[in-house]
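Colleague: My structure is below; once you've seen it, I'll send some questions.
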Amino acid sequence: MASMNIAPELEGAEKVARNLQLEGVVSFEDADIFWLLFGAILVFLMQAGFALLEVGSVRAKNTKNILIKNLLDASYGAIVWWLVGFAVAFGAERDGLEEFIGGTLYALSWNFGDRPTANTYASWLFQWAFAAAATTIVSGTVAERVTFTAYITYATVLTAFVYPCVVHSVWNADGWATAFRENDLLNDCGVIDFAGSGVVHMTGGVAGLVAAIFVGPRKGRFSASGEPIDIPGQSPIYRNLGTFILWFGWFGFNGVSTLYIGDGFSVVASKTMVTTVIAAAAGCLTCTVVGKATTNIIDMDLAGNGVLAGLVSITAPCSTCEPYGALAIGIIGGLIYIASSKLLVFMKIDDVVDAIPVHGFCGAWGVIAAGLFATDFNYEAAYYSARADDCAGAFYVDSGNALGAAVAFVVFIFFWVGVTMSIVFGTLSVLGVARVDEEAEEMGLDAAEHGGFFLDVLSKSGPVYASKAAKGETKTAA
């Protein structure tokens, strides 16, 4: 019954907003800037979610190590993003390479173009939070055994070059796969990746896959005969809280990817947040039901990763699908997560937080889903009305252009990120600085690299190892 008075209330609110704009008190541009700043804060909070999820998934002897990497994903990543990454992603054309890399705004400098505006600064902040998320995906995958040297190296390359080139290709109007221009589009439509299933999540997932292959599994993860051995994390409480914080931040990740809130974009933002909730819920319930049916256990970790699988899956199509489409996308995302997680174990690839299935596989599915489930009405609202009849999803129009562009983009991410990060981790492996030595891994990286355990009583040998490390009697990681 409360919905009966919604229309008059909205009409009155719109009149107030219009009057304030006419009086010079507020403008749609000011509202849009605040919207981006608000979204940046929400997405940045996801770093706390990642930190809790990862620290709950590792053993107590590696607590400090995984937490400092999460801090550096944000702080070190901010400097790299400011100096190079943002310019590569969103800079203007340079020497004919504008479809792949930007040429202005390095260190937010205006020497090569116009002085940055309020929108430039707000966009930098919003996109920095996205870049930090992409890097964090990798740190969770190879937790407990990667060296600090390797971490700094891959974080630099990923944040400064590999990830920004993917961003530029789709979210920069000059990009080769973008849908945000009028002509010369990939497959006549460009790619529908509204908030980054492919750009952010698949990129991080593929980078994590490469890292896990080169670094190898943790000691004791697989038996001599190849059978998987479970290595429990230290806290299901942290993992669950981390999942909730990530879900909360995802409202900024998806909803604020409209980039604007005035002049009709509030409708797109509202629907985007609704589809985000439905897909997350569908992924959670799917994984819970499948887990109960196959193991007779209601598995909290499976349910939590089901939430994340649904969220990653809906990130590309969130603005262009209907709520019933979000339900289907979340269900399929949950099934893809379960299947790909089992595939990694079969291939003896050790992923501490299951980031590769959640972000890599479900990220690829999200891009494909956008090419299937985008309705012409929603495409018109979120992108361009003139080509909605041709560029909506394959389930709604005769053309398969959007689906074809989606497939091409998924292939591009796999090879671009796979090849570049293979060069990085291959070089680190050849130099012998990709993985910590066995003694440091067994001891725990807190004692080997960070001055001792965060708790004195981890095991009977814990204080002994900590004491040896403090006296320099043990080897330290590279």
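Colleague: Excluding ligands, DNA and RNA, what is the solvent-accessible area per residue of the chain at a probe of 1.4 Å, expressed in Å²?
Modeller: Per residue, the chain has an accessible area of 42 Å².
Colleague: For a quick protection proxy, order the peptides 164-170, 389-395, 191-197 by their average other-Cβ count within 10 Å, most packed first.
Modeller: Highest mean packing first, the order is 191-197, 164-170, 389-395.
Colleague: May I pose another question? From the protein chains alone at 1.4 Å, what is the descending order of accessible area for Glu449, Glu438, largest first?
Modeller: Glu438, Glu449
Colleague: At 7 Å along Cα-to-Cβ for each site, give me the label-to-label distance between Thr294 and Glu29 in nm.
Modeller: Going from the Thr294 label point to the Glu29 one covers 5.4 nm.
Colleague: Relative to the first principal axis of the alpha-carbon coordinates of the chain, what is the inclination of helix 362-373, with its axis defined by its Cα atoms, in degrees from 0 to 90 and to the nearest 10?
Modeller: 20
Colleague: Right, here's the next one. Expressed as an acute angle from 0 to 90° and rounded to the nearest 10, what is the orientation of the C-alpha long axis of helix 401-430 relative to the principal long axis of the chain?
Modeller: Roughly 30 degrees between the two axes.
Colleague: Another question, then. Work out how much length Met347 to Leu37 would gain on full extension: take 0.36 nm times their residue separation and subtract the Cα-Cα distance, in nm to one decimal.
Modeller: Extending this stretch completely gives an extra 107.4 nm.
Colleague: Still on this model: Measure out, as a whole number of angstrom, how far apart the alpha-carbon centroids of the stretch 211-271 and the stretch 124-143 sit.
Modeller: Rounded to whole Å, the Cα centres lie 11 Å apart.
Colleague: Test of understanding: extend the Cα→C-beta vector of Asp188 to 7 Å, then name every residue of the stretch 397-412 with backbone N under 17 Å from that spot.
Modeller: 397-408
Colleague: Oh, and also: Note down, for the stretch 143-216, the three equivalent ellipsoid semi-axes (square root of 5 times each alpha carbon gyration tensor eigenvalue), biggest first, whole angstrom.
Modeller: 31, 12, 8
Colleague: If the stretch 319-377 were replaced by its equivalent ellipsoid, with semi-axes equal to the square roots of 5 times the Cα gyration tensor eigenvalues, what would those be, largest first, whole Å?
Modeller: 27, 10, 8
Colleague: Sticking with this structure for a sec: Amide H to amide H under 5 Å from Thr147: which residues, 5+ apart in sequence or cross-chain, H placed 1.01 Å off N in plane?
Modeller: So Thr147 has HN proximity to Arg435, Val436.
Colleague: So what is the calculated 222 nm ellipticity per residue for the chain, using -39500 (n - 2.57) for each DSSP H run with n of 4 or more, over all residues, to the nearest 500 deg cm²/dmol?
Modeller: Calculated at 222 nm, the ellipticity per residue is -19500 deg cm²/dmol.
Colleague: Also: Ignoring ligands, DNA and RNA, what percent of the accessible area of the chain is carbon or sulfur (1.4 Å)?
Modeller: 65
Colleague: Grab the alpha carbons of the stretch 181-302, take their convex hull, and tell me the volume per residue in Å³.
Modeller: 185
Colleague: Expressed as an acute angle from 0 to 90° and rounded to the nearest 10, what is the orientation of the C-alpha long axis of helix 28-57 relative to the principal long axis of the chain?
Modeller: Rounded to the nearest ten degrees, it is 20.
The values are calculated or read from the model by the stated rules, or taken from the named source; none is laboratory data. Values in this document were obtained by computation on a predicted structure and should not be read as measured data. Cβ: placed from backbone, ideal geometry, glycine included. Neighbour counts: every protein chain shown. Ligands, DNA and RNA are stripped out before the accessible areas are found, and what is left, the full protein with its side chains, is counted by its heavy atoms. Shrake-Rupley method; radii C 1.70, N 1.55, O 1.52, S 1.80 Å.
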